[in-house]
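The values are calculated or read from the model by the stated rules, or taken from the named source; none is laboratory data. All values derive from a computational prediction rather than experimental measurement. Ideal geometry is used to build each Cβ from the backbone, glycine not excepted, and the neighbour counts take in all protein chains shown. Just the protein is used for accessible areas: all its heavy atoms, side chains included, with ligands, DNA and RNA removed. Shrake-Rupley method; radii C 1.70, N 1.55, O 1.52, S 1.80 Å.
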Amino acid sequence: MDEAKYKALTDGLEISEIKFSQLDLGDRYDSECFTKDYLNVEEKLNNIYTKKLGSLSTAVASAFYPAATQLYDIGDTAFVRCVDCIDYPIISTEQDPKFEKIPLDFAKSNKGISFVKADEIVITKVGTPCYASVVYDYNELALSRTVLGLTNIHDVDPYYLMAFLRSKYGFKQLFRQRELTIQYQLTLPRVKGVKIYIPSRDFQKTIKELCLCYLETNKQADNAYKQAENTLYEYLGCFADNGLNSCIVKTLFDSFIQSGRLDAEYYQSKYESLMAQINTTETVSSLCKLYDSNFVPYPDHEYRYIELSNVSVSGDITNIEKIMGNDLPSRARRMVKQGQVIVSSIEGSLSSCALIDSDYDGALCSTGFYVINSDKINSETLLVLFKSKPIQALLKQRCSGTILSAISKDEFLNIPLPNIDLQLQKVISDKVQESFSLRKEAKRRFDNAIKAVELAIETNEGTALMWLDSQL
């Protein structure tokens, strides 16, 4: 066989040779555990000063507690889940409105529930495992079964520790240590065995300062977006849930004959109240253009692919992957352009709306999004509108379906939208752009912290600090 044919047949394959004497047959001997990436990480850490995570902290997890979902409405203590950590390397009280909560007395009375507090760490355990987050200013956080905690951290700065665990040298160790059960997950004994590189105190302090700078810049970004949102609400008026608990009677002609809906939720008076307050004859159809033509990707071309999990709560796009056309899922059929807004059609993810900026021009997104723009409303204002409480409520009202409830194209196009004053749109646009700019700067600083940790491991602290100086 000639060299070209051999390369074509073996492209993408790798082989690692491990001596039989190096295997612990009572533990792991599957091939995945010995990929070159994992072995390279292990070799690097074996040649520098490290300590086992179990010697630096106490690992805790929650288990065997009663179902708590029915208590979320009356809860007062943040209940940390996977989703609360992945995009939040630092957990602060700014995040509090996004947490599900359980009553503190329920949590304390069930010994199966563990807690963490400020300067301690949460690591996602199942679902999307191995993401570490440090707690900033909470006195008490209850842990769900989907995460584990590191308490009593000593001899290492917790912010540096979080950054190391999010670097490739920490994350890949955690990922390698997942238990290969029906649902891949981390266990406490395996987490305790992860090796942690221990640099000088000064280096750790530098990483902590970068992490805190990231947190502060993100707070500024959140404030800028809230100002844009408040500007919109002041213009439209206060949206109260009027008639939330009132009874309403509809004739067959006024209900099913016109809407085709028989579910009582659809006819709650709060929706009529919202429609009256918006007070518009305009709709998505009259103000926006919908882009729903299918794009068939070329098999040998690489595409950036946006799915629901890539859209953050702030309306920007994160952790996007590049995927070859022949490996894309069948739902990757919408090509997006700069200035367009994508809006989720799935009921549980309606708030997953994002603005396509220059970084994602020409990317593909899932058919689970509606792709729109408008000649009458700028893209930033359109984003704030679709993420606002009144429009979110109307989107939810119009969802239908059983297994996967979603809003249909016709219902989406019929959503009422106000035509907003152009000067006000400019104010909203400036604030949203400021928010996005600050968020990018925050991400850059955090990425620099992670890169500095990796450089210190691969070269030395001095080289890593010199590189940081060049970036700052």
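Over the chain, what is the percentage of antiparallel beta bridges among all DSSP beta bridges, to the nearest 5? Here the share of antiparallel DSSP bridges comes out near 90 percent.
Please sort by residue number the chymotrypsin sites (Phe, Trp or Tyr not before Pro) in region 41-106 whose DSSP state is loop and whose Cβ has at most 16 other Cβ atoms within 10 Å. Passing both the DSSP loop test and the Cβ count: 49, 64. In this rough spin-label picture, where each label sits 7 Å from Cα along the Cβ direction, the residue 183-residue 104 distance is 3.0 nm.
A cut-off of 5 Å between modelled amide H atoms, ignoring neighbours fewer than 5 places along the same chain, links residue 100 with 79. About its Cα centre, the chain has a charge dipole of approximately 580 debye under the convention of +1 per Lys or Arg Cβ and -1 per Asp or Glu Cβ, with nothing else charged.
Relative to the 2.2 N^0.38 Å rule of thumb, region 314-409 has a C-alpha radius of gyration ratio of 1.10. Rounded to the nearest 20 debye, the dipole magnitude of region 357-407 is 460 debye, with +1 charges on Lys and Arg beta carbons, -1 on Asp and Glu beta carbons, and the Cα centre as origin. Charge tally for residue 61 (other residues, Cβ to Cβ under 14 Å; Lys, Arg +1; Asp, Glu -1): +4. Close amide H contacts of residue 138 (hydrogens built in the peptide plane, cut-off under 5 Å, sequence separation of 5 or more or a different chain): 118. What a 1.4 Å probe finds exposed on region 306-456 is 47% carbon and sulfur by accessible area, rounded to a whole percent. For the pair residue 321 and residue 279 in one chain, pulling the backbone fully straight at 0.36 nm per residue adds 11.0 nm over the alpha carbon distance. Basic side chains Lys and Arg get +1 at the Cβ, acidic Asp and Glu get -1 at the Cβ, and with that the dipole of region 373-472 about its Cα centre reaches some 460 debye.
Between residue 111 and residue 155, full extension at 0.36 nm per residue minus the direct alpha carbon distance yields a gain of 13.0 nm. Using θ = phi - 60° in the Karplus curve 6.51 cos²θ - 1.76 cosθ + 1.60, the 3J(HN,Hα) couplings for region 124-140 round to 5, 10, 9, x, 10, x, 5, 8, 9, 9, 9, 8, 8, 9, 9, 7, 7 Hz; x is entered for Gly and Pro.
What is the distance in Å between the Cα centroid of region 271-303 and that of region 386-418? Centre-to-centre (Cα) distance: 11 Å. In the context of the full set of protein chains, residues of region 326-405 present 38 Å² of accessible surface per residue (probe radius 1.4 Å, heavy atoms only).
Distance from the alpha carbon centroid of region 306-379 to that of region 71-105 works out to 26 angstrom. Here r is the Cβ-Cβ distance between residue 235 and residue 272 and R0 is 25 Å; the resulting FRET efficiency, rounded to 0.05, is 0.70. In order along region 341-356, the phi-based Karplus estimate (6.51 cos²θ - 1.76 cosθ + 1.60, θ = phi - 60°) of 3J(HN,Hα) comes to 10, 10, 10, 5, 9, 8, 4, x, 10, 4, 7, 7, 10, 8, 9, 7 Hz; Gly and Pro are listed as x. Loop sites here are GluC sites (Glu not before Pro) outside DSSP states H, G, I, E and B with no more than 13 other Cβ atoms within 10 Å. The longest part of the chain free of them is 18-472.
With the helix formula -39500 (n - 2.57) applied to DSSP H stretches of n ≥ 4, the chain reaches a computed 222 nm mean residue ellipticity of -11500 deg cm²/dmol. When both region 429-455 and region 133-205 are represented by their alpha-carbon centers, they are found 23 Å apart.
Only protein atoms count toward the accessible area here, which uses a 1.4 Å probe; on region 160-226, the carbon and sulfur part of that area reaches 52 percent.
As a calculated quantity, the FRET efficiency between residue 331 and residue 460 at R0 = 51 Å, using C-beta atoms, amounts to about 0.65.
Only one residue of 463, 55, 424 has its Cα farthest out toward the positive end of the dipole of the chain, where Lys and Arg carry +1 and Asp and Glu -1 on Cβ, and that residue is 55. For residue 326, neighbours were defined as the other residues whose beta-carbon sits under 12 Å from its Cβ, and their charges (Lys and Arg +1, Asp and Glu -1) total -3.
With all protein chains kept in place, the per residue accessible area of region 155-244 amounts to 45 square angstrom at a probe of 1.4 angstrom. On the basis of the beta-carbon distance and an R0 of 25 Å, residue 55 and residue 471 show a calculated FRET efficiency of 0.15.
Panel values: the chain, Kirkwood radius from alpha carbon pairs, Stokes-Einstein at 20 °C and 1.002 mPa s, translational diffusion coefficient 85 µm²/s.
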